[in-house]
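*Asks:* Got a structure here, written out as structure tokens. Questions coming.
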Amino acid sequence: MNEKKNVIYLHGFASSAKTSKAVWLGEQNEKEQKVNYYAFDFNPSPMDFSYMTITGMINRLRQFILDKGITKPILVGSSMGGLVALHYTKRYGEVRSLLLLAPALSFHFGDEEIVQQIMEAGYFPVFHYAFGKELPLYK
């Protein structure tokens, strides 16, 4: 018996599960009879984005995988989703394979003015493409 493979797409920073990459991968995987495809959204609401952390993203992904009863997923990570996929794999090791699309392996704020603004205001405004507006990203 051939078990269906589970492919989970993980989007990047200030993005969503509805990007052109996620949609295209979904269309390609629809053609396959042996694949369950999931485009996972780390921030379904602006509030989720504003308080997002890498650890929180890993935990959300873990809960999704457990809730769906998925074993040995194939993780497709774009940008920050690639970073999350690597950390998830390191932490849990239950991954069939990884496909990393330009993973953000050194994600950080390096601009001193940005760091200063975050420290003073407690947040930094970020344009979020999926919501089409600027949202605060809290420290």
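The values are calculated or read from the model by the stated rules, or taken from the named source; none is laboratory data. For clarity, every value in this text was computed on a predicted model and none was experimentally measured. All Cβ positions, even for glycine, are placed from backbone atoms using ideal geometry, and neighbour counts span all protein chains on display. Heavy atoms of the whole protein, side chains included, go into the accessibility calculation; ligands, DNA and RNA do not. Shrake-Rupley method; radii C 1.70, N 1.55, O 1.52, S 1.80 Å.
*Asks:* Taking the range 48-77, which residues are over 15 Å from Tyr92 (Cα atoms) and at pLDDT 95 or above?
*Replies:* Those that are over 15 Å from Tyr92 (Cα atoms) and at pLDDT 95 or above: Asp67, Lys68, Val76, Gly77.
*Asks:* Shifting gears a bit: Which residue out of Ser16, Ser50 is in contact (Cβ under 8 Å) with a residue 24 or more places away in the chain, in contact with an Asp or Glu (Cβ under 9 Å, 6 or more places away or on another chain) and either polar (S, T, N, Q) or open to solvent by less than 20 Å² (accessible area, probe 1.4 Å) (or both)?
*Replies:* Answer to the selection: Ser16.
*Asks:* Take Leu135 and tell me if it is outside any loop (DSSP other than H, G, I, E, B) and closer than 16 Å to Tyr9 by Cα. Steps first, please.
*Replies:* Working: outside any loop (DSSP other than H, G, I, E, B): yes; closer than 16 Å to Tyr9 by Cα: no.
Answer is no for this residue.
*Asks:* Take residues that are under 25 Å from Pro46 (Cβ atoms) and open to solvent by 40 Å² or more (accessible area, probe 1.4 Å) and tell me which of the strands (runs of 3 or more DSSP E) falling wholly in the range 66-129 contain 2 or more.
*Replies:* Details: elements: 74-78, 97-101, 123-128.
Because the criterion is at least 2 residues that are under 25 Å from Pro46 (Cβ atoms) and open to solvent by 40 Å² or more (accessible area, probe 1.4 Å), the strands (runs of 3 or more DSSP E) in the range 66-129 that meet it are 123-128.
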